[in-house]
1. When you scan the range 54-65, how many residues do you find that are open to solvent by less than 10 Å² (accessible area, probe 1.4 Å) and touching a residue at least 24 places away in the same chain (Cβ under 8 Å)?
2. For the range 1-24, what are the residues that are modelled with pLDDT of 95 or more and crowded, with 24+ Cβ neighbours inside 10 Å?
3. Within the range 153-170, track down each residue that is buried (at least 19 other Cβ atoms within 10 Å of the Cβ) and assigned to a loop (DSSP other than H, G, I, E, B).
4. For residues in the range 75-121 being touching a Ser or Thr at 6+ places or on another chain (Cβ under 7 Å) and not charged (D, E, K, R), which is surrounded by the most Cβ atoms within 10 Å (Cβ to Cβ)?
5. Sort out for me the helices (runs of 4 or more DSSP H) sitting completely within the range 1-96 that have 1 or more residues that are under 13 Å from the mean Cα position of the chain (by Cα).
6. Filter the range 37-48 down to the residues that are touching an Asp or Glu at 6+ places or on another chain (Cβ under 8 Å) and surrounded by 22 or more Cβ atoms within 10 Å (Cβ to Cβ) and list them by number.
Amino acid sequence: DLVLEPIASSYAVLTSDEEEMGVALVDVGGGTSDLAVFYDGSIRHTAVVGLGGQNVTNDVAIGLRTPWKQAEVLKREHGCALRSLVEPSEAVEVAGVAGRPSFQVPRGEMAAIIEARMEEIFTLVHREIRRTDYADLLAAGVVITGGGSMLEGCAELAEEVFGMPVTVGQPRGITGLADAVSQPLFATGVGLVQFGIHHRHRSMMSEDGDFFESILGRMKRWVKNFF
């Protein structure tokens with residue numbers, strides 16, 4: 001099947017009450033940040049912002065003058081999206097480039113780099129929300145998910161930008177290897193499985209059994225519906 005990414009994520013992290021009351025789901029992925037606005041139990045608006053976690057990593061790599069892979073590790077292990085949450089005395093060790101010795105920088109310096117980019121992402125998403133007719137009807141606030149939402153201080157920064165309550169959405173309603181996939185990073189993957197279970201009664205196969213013809217037929221119908 002073909003499923004819009006934020007819709008898949010919604011199956012994993014949103015409750016029916018949130019979708020009824022009105023909620024904005026923001027999935028901060030690696031290359032993009034996806035938005036889906038729900039109200040009265042239905043999806044009302046979607047948008048994609050062309051910035052994500054990879055842009056944050058690039059900024060850290062450039063700002064601290066360290067290789068990209070090392071910047072990704074630093075971001076995951078020591079990153080913070082809100083500089084005010086970092087103690088002035090905290091420092092992180094940064095690997096040098098081309099065999100140069102490692103060095104230490106204040107953790108707050110890295111947090112300032114991350115905060116600037118994350119604030120830009122949330123500002124662009126907020127602009128998309130304000131373009132809809134539901135910006136003032138989101139009683140359940142905003143739910144952020146995806147790998148980018150796992151940064152310390154991410155929810156607090158998002159609340160400052162959106163001006164409404166923000167929670168970090170984690171996959172729910174799963175058993176078995178729950179600990180392995182209960183992080184926001186896996187929201188879309190878990191949501192795809194739950195979407196498949198929820199719609200398992202719907203056959204994607206055409207009468208002659210050609211799966212790709214069936215997909216093509218659905219895409220043609222989508223285009224007709226929009227135009």
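1. Summing the residues that are open to solvent by less than 10 Å² (accessible area, probe 1.4 Å) and touching a residue at least 24 places away in the same chain (Cβ under 8 Å) in the range 54-65 gives 3.
2. 23, 24 - these are the residues of the range 1-24 that are modelled with pLDDT of 95 or more and crowded, with 24+ Cβ neighbours inside 10 Å.
3. 153, 169, 170
4. Checked the range 75-121; the qualifying residue surrounded by the most Cβ atoms within 10 Å (Cβ to Cβ) is 121.
5. 5-13, 53-64
6. The answer is 38, and nothing else.
The values are calculated or read from the model by the stated rules, or taken from the named source; none is laboratory data. Every value quoted in this text rests on a predicted model; they were computed, and no experiment measured them. Note that each Cβ is placed from the backbone with ideal geometry, even for glycine, and that neighbours are counted across all protein chains shown. Only protein heavy atoms, including side chains, enter the accessible area calculation; ligands, DNA and RNA are left aside. Shrake-Rupley method; radii C 1.70, N 1.55, O 1.52, S 1.80 Å.
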